[in-house]
Amino acid sequence: MFPQRTGNFLGYTETIGTLYWVCRDIEGHFIKPSYEKNYQRSLVEPEVFWAEAAKDIQWNNKWECVLSSSGPFFQWFKGGMLNTCYNALDFHVENGRSEQIALIYDSPVTGTLRKISYRELQKDVARFAGGLRALGLEKGDRLIIYMPMIPEAVITMLACARIGVVHSVVFGGFASQELSIRIDDATPKAIVTASCGIEVQRVIPYKPLLDKAIDLAKHKPEFCVVYQRPQVRASLRRDRDREWQEVMEQAEPVPCLTLEATDPLYILYTSGTTGKPKGVVRDNGGHAVALKWSLTHIYDMQPGDVFWAASDIGWAVGHSYTVYAPLMGGCTSILFEGKPVGTPDPGAFWRVIAQHRVKVLFTAPTAFRAIKKEDPTGQYLKKFDVSSLRYLFLAGERLDPDTYHWASRLLDIPVIDHWWQTETGWPVTANCMGLSSYPFKPGSANKPVPGYDVRVLDVNGQVLGPDQEGLIALKLPLPPGCLPTLWNDDQRYVDSYLSQFPGYYFTADGGFMDKEGHLYVMGRIDDVINVAGHRFSTGRMEEVISGHPDVAECAVIGAQDTLKGQVPVGFVVLKTGVDRSQKEITSELMEKVRTEIGAVASFKWMLVVQRLPKTRSGKILRRTIRDIADGKDYVIPSTIDDPEVLQEIELVLKKFIEQ
């Protein structure tokens, strides 16, 4: 029986957060807005749709036009005036959330638990912003943040947003050479760092890495601010360095500076094919509108709820969903300095969820594969009450069906794979839990989110039909919150994203869309291999392999072959406790691939390894594995979590070839 409507109207409600048709059933229960209606409206009337969403943001002055363009470049809310920090902090302090917890700093690596209210966070941010201004930073200046997952990193980000300084967060512990490249590109007036980071039980001093990076860079920052942690005390250079504590003691708090909606909020660097990283720019206005909308309508979050994005703030997820979105939404955000396993065990995530009553967890599939490997039957989960958890959202890598089913059975809640990129800043596809949801399909990244017109194209730019695999592209204009350009490099923005298919943003991902509109992202286009003229998706092969009950995670790459051009090579990590013969398991896996994909795939190499090389955000470094397999010289990626894994891969390959 369909719910009976007691009334429907176009009006603003705190529950919805913007203007939508609101319905209630006969008992007065709220009925979520229709996904289909919202999606279609966002494509047919994008300016009306986003103008309504923008009413949920606090503006100093309303925009002149919702969407404007100049050639291939688009701007959202041009002429509008606002401040992102005000929306994230001051507004809540002024409107009844002063004593609500804004940030929970949970650090198992240091044994620290600290809860910070909106009032306390606003006070610290305003004071540090005053300290930065006293040191000479002004609107438009750049500041690099090179810090671990500590509250001071979040304070620095928000302090920059408060006074119009453009921040660029670089993952703490990045190699000096990579940091120097970012210094030269962003030309920061200042760098804020900490004396060290902590990786499980390993302390990493940051200051020597920073000093070397500055020595390597052509551009020299005017000063550095160093937060001294008790684990390591950094030595300072008198002519350049300041201690965080002294800056705070001498500073006077400052109010929020009114900024243009189109002013840059931050630069976030992502890898580039030329070796030079691409500086993704995020604006203030469109970013605020998109993130606030997404928090309510994708993640079903309401003010006061607890949100945990288990990601470093050096990545896009940490920017969007550890810092900005939860705080703009009046939620409590978890800042976690730890790992899914090893801090201290595979129950770390369950402990945090139970202790802090987390409603939504957002993490990478690799985190759950790590937990599944160490605790395949979920024994650690039984120790904790995680009944507060309503949804598990996963992104960063393709969610293989086996991990999806494992997590679904274990938690008995919706497990949502959703797909986006650093460049978009928020999800392109998802099952929107704040709108009317639809049945899940394992292996799918779900349907396009309102605002995104997703197409699958062939190499000539023609739109493909259902179930035809091709190149994923987004029809222009992109919705608010996506990159308007690259930092100081408009031409590279056009060349990298817009030139291949005019009228589209090219994602460089491949996949297909089924007849019901579910998108299947099979991986980067360079993950498609050519075996004797036959093209195969390594993502599909990984899906088959990961379905084996003994496999925790896997990676498939295409290795060079003189006869066939390329042949697939599989690397598998087995679940803890598996005591069967490795030869027996690999034989089963190769047979499984031949049965489900075909003998023409020539899958004959399957190697068992202890672990896979990954970035700190959890992405498997397939290109580096491929270079090792091909015997090529390779550069250790700056984003790698543990370089020693590469030596392990080399050793396993060498033994396999010798045998």
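The values are calculated or read from the model by the stated rules, or taken from the named source; none is laboratory data. The shown structure was predicted, so the numbers you read here are calculated from the model rather than taken from an experiment. In this analysis, Cβ positions are derived from the backbone assuming ideal geometry, glycine residues included, and neighbour counts consider all displayed protein chains. The accessibility values were calculated without ligands, DNA or RNA, using every heavy atom of the protein model including side chains. Shrake-Rupley method; radii C 1.70, N 1.55, O 1.52, S 1.80 Å.
A compact table of results
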| read-out | value |
| --- | --- |
| Label-point separation in nm, Ser34 to Glu246, each point 7 Å along Cα→Cβ | 6.4 |
| Lys, Arg +1 and Asp, Glu -1 on Cβ, resulting dipole of the stretch 522-659 about Cα centre, debye, nearest 20 | 260 |
| Whole-number percent relative contact order across the chain, with pairs defined as alpha carbons under 8 Å at least 6 apart | 10 |
| Fraction of accessible area attributable to carbon and sulfur, the stretch 247-298 (%, probe 1.4 Å) | 48 |
| Simple label model, 7 Å out from Cα along Cβ direction - Glu45 to Lys592, nm | 5.0 |
| Theoretical ellipticity at 222 nm over the chain - DSSP helices of four or more residues, -39500 (n - 2.57) apiece, nearest 500 | -8000 deg cm²/dmol |
| Within the stretch 609-659, trypsin sites (Lys or Arg not before Pro) in DSSP loop having at most 10 other beta-carbon neighbours inside 10 Å | Lys632 |
| Cα principal axis extents for the stretch 395-466, largest first, Å | 44, 25, 24 |
| Paramagnetic reach from Glu94 (point 7 Å along Cα→Cβ, amide N under 20 Å) across the stretch 129-153 | 129-130 |
| Hz values of 3J(HN,Hα) by residue in the stretch 59-70 - Karplus curve (6.51, -1.76, 1.60), Gly and Pro given as x | 10, 7, 9, 6, 5, 7, 8, 5, 9, 9, 9, 9 |
| Low-density loop positions, GluC sites (Glu not before Pro), the stretch 122-231 - DSSP coil, at most 13 other Cβ in 10 Å | Glu138, Glu222 |
| Packing-based ranking, highest mean first, of 316-325, 332-341 given that Cβ atoms within 10 Å are counted | 316-325, 332-341 |
| Student exercise, the chain dipole from Lys, Arg, Asp, Glu Cβ charges, in Debye to nearest 20 | 440 |
| Among 281-292, 209-220, 377-388, the order from most to least packed when residues are scored by Cβ within 10 Å on average | 281-292, 209-220, 377-388 |
| Accessible area in square angstrom per residue, the chain, 1.4 angstrom probe | 40 |
| Pairs from Lys276/Lys475; Lys292/Lys619; Lys115/Lys382; Lys475/Lys515; Lys373/Lys632 whose Cα-Cα separation, in the structure shown, is over 24 Å | Lys276/Lys475; Lys292/Lys619; Lys115/Lys382; Lys373/Lys632 |
| Projected label distance in nm at Lys218 and Val203, using a 7 Å step from Cα toward the beta-carbon | 3.8 |
| Per-peptide average of other Cβ atoms within 10 Å, ordering 71-77, 591-597 highest first | 71-77, 591-597 |
